[in-house]
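Here is the structure we will look at, set down as structure tokens.
The values are calculated or read from the model by the stated rules, or taken from the named source; none is laboratory data. Because the structure is predicted, anything quoted here is derived from the model rather than measured. Positions of Cβ are backbone-derived with ideal geometry, glycine not excepted, and every protein chain shown enters the neighbour counts. Ligands, DNA and RNA are stripped out before the accessible areas are found, and what is left, the full protein with its side chains, is counted by its heavy atoms. Shrake-Rupley method; radii C 1.70, N 1.55, O 1.52, S 1.80 Å.
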Amino acid sequence: QKIFDTQSKIFSLLGNKVRLKIIHLLLRYEKLCVCDFTDIMGVNQSPISQHLRKLKDAQILENKRDGLTIFYFISKKTKGKLQLILEV
């Protein structure tokens, strides 16, 4: 039952084009900050931050502060699952 809850949550979150692109970018570049996403995707910081928060709340992403910059990366426990789902 729990595995279906987890998979359902992941698919629901990845059903959004912006969040799906965030995941693809993080699988490619390992870690990025909000400013990287805004530059690459051409989207304002506020919506990017909201999407990152949803992914972080679902424990798909983690973050680490380096000075004033916060970098986001895919959590170790979900990275393999995402790579399988997305065939990356």
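Each label point was placed 7 Å from the Cα along the Cα-to-Cβ direction; for Tyr29 and Lys81 their separation is 2.5 nm.
Leaving out ligands, DNA and RNA, what percent of the accessible area of the chain is carbon and sulfur, probe 1.4 Å?
With neighbouring chains kept in place, the figure for the chain is 50 percent.
Averaged per residue, the chain has 68 square angstrom of accessible surface, using a 1.4 angstrom probe with ligands and nucleic acids left out. Estimated at 0.36 nm per residue, the fully extended path between Ser49 and Asn16 surpasses their Cα-Cα distance by 10.5 nm. Shape analysis of segment 1-45 yields a ratio of the Cα radius of gyration to the Kirkwood radius, Rg/Rh, of 1.09. Taking every alpha-carbon pair under 8 Å whose residues sit at least 6 apart, the chain reaches a relative contact order of 28 percent. Approximating the spin labels as points 7 Å out from Cα along Cα→Cβ, the Ile40-to-Ser8 distance works out to 3.1 nm.
Computed about the Cα centre, the dipole magnitude for the chain is approximately 260 debye when only Lys and Arg (+1) and Asp and Glu (-1) carry charge, each at its Cβ.
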